Amino acid sequence: MGIKILGTGSYLPPKVVTNGDIAASLDTSDEWIFSHTGIHARHVAGEGETTSSMAAEAAREALEMSGVKPEEIGLIVVATSSPDYGTFPSTACIVQDLLGCVNAGAFDLQAACAGFVYALEQARGFVNFYPDKKAIVIGAECLTRILDWTDRSSCILFGDGAGAVVLGNDEGPGMASAKTTAHTILGADGKGQAFIMRTGGTREAPKFDPLTGVPLKGEPQLPQLTLQGHDVFAFAVRKLSKVVGDLCERLGTTPESLDRVFAHQANGRIIEATARRMKLPLSKFWLNLETTANTSAASVPISLDQAVRAGELKDGMRIVLVGFGAGLTYGGTYMTWPNL
C-alpha cells in the first residue's frame, strides 16, 4: 500500500569509448585510469542521440515494466546537468512529447549528480497528494559533449546514459505520507560551488559599446565542465557515509542492516573509501562504473534498473539511494523496495 516504484528502465548508448581509446590521444593508459577511478570504459552518445532521446528510451522501458499508459502520467521530472538546450525549453517537455504523455506536467531539476534523489522526492510529494496520477522520474545526461577532451583529470570520468522510474500511489490524497517507510535527506553546501562547475551562463556581464549601450559581440565560448578532484573526493566520502548513517539512525536501524546501497557512481575509489569509513563490506554497494563511468544524475536510476533486471533487487530489501554533486549538493533516500 502507498507510494511505490512500479517500474524501472535505463538506456546506454551503443557507442563505447575505452580507456585505450582515450590513451591513443592523451598521455595516460588503461592501467592508470582504472587504478585511479575504477573505470575501464564509458558509453558515449552518438550522432542523433540527445539527453531527451536517451531519457525517453529509459522512460519507455519503465512504462512497459509498470504497465502504466503514457496518458496516465501526471508529472515528468528530468534530473539533468546537460539538457538538450542551454536553459529552455526543458528536456522534460521534449520527453513528454516523445512519450505522448499528453496529461503530464513536465520540468527539469538541476542538482547535478544528486539530482535523481532530489527529483524522486519531488515526484513522491506529487503522487502523495494526487494518487490518481502517476509520475515518471528520470536521470539523464549527455556529459561527454561538455567535456574538455584534452583534460586528463576530467574527461576520463564521465559517460552518457539515462535511467527512469515510474511512481504510483494506491492511497487517498495525503494518506501515504502517514505510513511511508521511506525517509529522505536533502542538503547542500554552497561553499563548495567552485569544486565542480560548468562554465558559461550569465554570471559574467558582457562588455558594452560606450556609444550605443548595446553588448559587444565576442567569440562564443563553449561551456565546459571543470572540477577539483581532491576536494570533491573528500566531500563525497564524508557526506555519503554521513547521509547513510543519519538515515538509518532516524529510522532506528543501522547501516549493517541494509541489503544494498545504491550510491552515485562517481569514482570507484570514492565508494571503496565510503565503505571503509562505514565499516561495511564493498559487496553491499552496487557497482557498475567500470563500464558506465560517471553518468551523473543517471547513475542511481541506471543502477536500480540493472539490479532489478538482474534479479538482485527484490521486494522487501532495505536499500539507500545516495548521491552528491556540484553545488555542492547531496541527498539520500532510505526505502524498503519498492515502497517509498
### Task
Residue by residue through the range 277-298, note down the ones that are outside any strand (DSSP E or B), without any contact (Cβ under 8 Å) to a residue 60 or more places away in the chain and either touching a strand residue (DSSP E or B) at 6+ places or on another chain (Cβ under 9 Å) or over 24 Å from ILE138 (Cβ atoms) (or both).
ARG277, MET278, LYS279, LEU280, PRO281, LEU282, SER283, LYS284, TRP286
#### Entry: Unmet requirement for THR50, which otherwise passes all of (1) touching a Gly at 6+ places or on another chain (Cβ under 7 Å); (2) touching a residue at least 40 places away in the same chain (Cβ under 8 Å)
(1)
### Task
For the range 301-321, enumerate the residues that are hydrophobic (A, V, I, L, M, F, W, C) and in contact (Cβ under 8 Å) with a residue 40 or more places away in the chain.
ILE302, LEU304, ALA307, VAL308, LEU313, MET317, ILE319, VAL320, LEU321
### Summary
Among residues of the range 287-307 being in contact with an Asp or Glu (Cβ under 8 Å, 6 or more places away or on another chain) and of a type outside the set (Val, Ile, Thr), the residue nearest to HIS230 (Cα to Cα) is SER296
### Query
Out of the range 287-319, which residues are of a type in the set (A, V, I, L, M) and crowded, with 24+ Cβ neighbours inside 10 Å?
LEU289, ALA293, ALA297, ALA298, VAL300, ILE302, LEU304
### Message
Condition check: surrounded by 24 or more Cβ atoms within 10 Å (Cβ to Cβ) and either outside the structural domain of SER303 (by TED's automatic domain parsing) or touching a Lys or Arg at 6+ places or on another chain (Cβ under 9 Å) (or both). Does GLU171 satisfy that?
### Response
no
### Message
List pairs: first residue in the range 81-96 and over 22 Å from THR329 (Cβ atoms), second residue of a type in the set (Asp, Glu) and surrounded by fewer than 24 Cβ atoms within 10 Å (Cβ to Cβ) anywhere in the structure, Cβ distance under 8 angstrom, at least six positions apart or on different chains.
### Response
ILE94/ASP84
### Hits in the range 55-95 - residues which are within 17 Å of GLY105 (Cβ to Cβ) and either outside the structural domain of GLY9 (by TED's automatic domain parsing) or of a type in the set (Gly, Ala, Ser) (or both)
ALA55, ALA56, ALA59, GLY74, ALA79, SER90, ALA92
### Query
Can you name the residue in the range 47-93 that is of a type in the set (S, T, N, Q) and in a helix (DSSP H, G or I) and is also nearest to ALA119 (Cα to Cα) among such residues?
THR91
#### Entry: Residue list for the range 131-157, restricted to those being in a strand (DSSP E or B) and modelled with pLDDT under 95
none
### Summary
In the range 5-20, anything within 27 Å of PHE233 (Cβ to Cβ) and surrounded by 14 or more Cβ atoms within 10 Å (Cβ to Cβ) is listed as SER10, LEU12, VAL16, VAL17, THR18, ASN19
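Let's see how each residue does on (1) more than 30 Å from LYS134 (Cα to Cα); (2) in contact with an Asp or Glu (Cβ under 8 Å, 6 or more places away or on another chain); (3) of a type outside the set (D, E, K, R); (4) crowded, with 19+ Cβ neighbours inside 10 Å:
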position	(1), (2), (3), (4)
ILE3	no, yes, yes, yes
SER25	yes, no, yes, no
GLU31	yes, no, no, no
ALA55	no, no, yes, yes
VAL68	no, no, yes, yes
GLU71	no, no, no, no
### Message
One residue is enough: does the range 118-130 have a residue meeting the conditions modelled with pLDDT of 95 or more, assigned by TED's automatic domain parsing to the domain that holds HIS36 and closer than 30 Å to LEU26 by Cβ?
### Response
no
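The values are calculated or read from the model by the stated rules, or taken from the named source; none is laboratory data. Just so it is clear, the structure is predicted and the values come from calculations on it, not from any experiment. Here Cβ is always computed from backbone atoms with ideal geometry, including for glycine, and neighbour counts include all displayed protein chains.
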